[in-house]
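Step one of this worksheet: look at the structure below.
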Amino acid sequence: MWVPEHPSCRSPPESCPFPERGTLRRSPITASRRSEEKLTVDEICEELRISRSTFYDWRQKGRAPRCVKLPNGSLRVRRSDLENWLTDCEVAA
């Protein structure tokens, strides 16, 4: 959004440092950021092509990847923990 009264916006809107609403883009996820990325249960189920009930069954039996429980009760799994868990499953197979 062009803010003419802002000192850095004296030039035309194309060079304004404030983007239009809704046009902010995330920077690409680098390898190091990706390893610390936290996935939701739905994202894990989609990636592994399993149902939510299967994931929770594995979790109850202690066979699911390590989870982080957020204060609101929802679960997240670090990408690195998922990759390690998959590697362990591969070795056991």
Need a quick list: helices (runs of 4 or more DSSP H) entirely within the range 31-93 having at least 1 residues that are surrounded by 10 or more Cβ atoms within 10 Å (Cβ to Cβ) and modelled with pLDDT of 95 or more. 41-48, 52-60, 79-92
Considering only the range 57-93, state which residues are in contact with a helix residue (DSSP H, G or I) (Cβ under 9 Å, 6 or more places away or on another chain) and among the acidic types (Asp, Glu). GLU83
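The values are calculated or read from the model by the stated rules, or taken from the named source; none is laboratory data. This one's a predicted model, so the numbers in the text were calculated from it and none came from an experiment. FYI the Cβ positions are ideal-geometry reconstructions off the backbone, even for glycines, and counts take in every protein chain you see.
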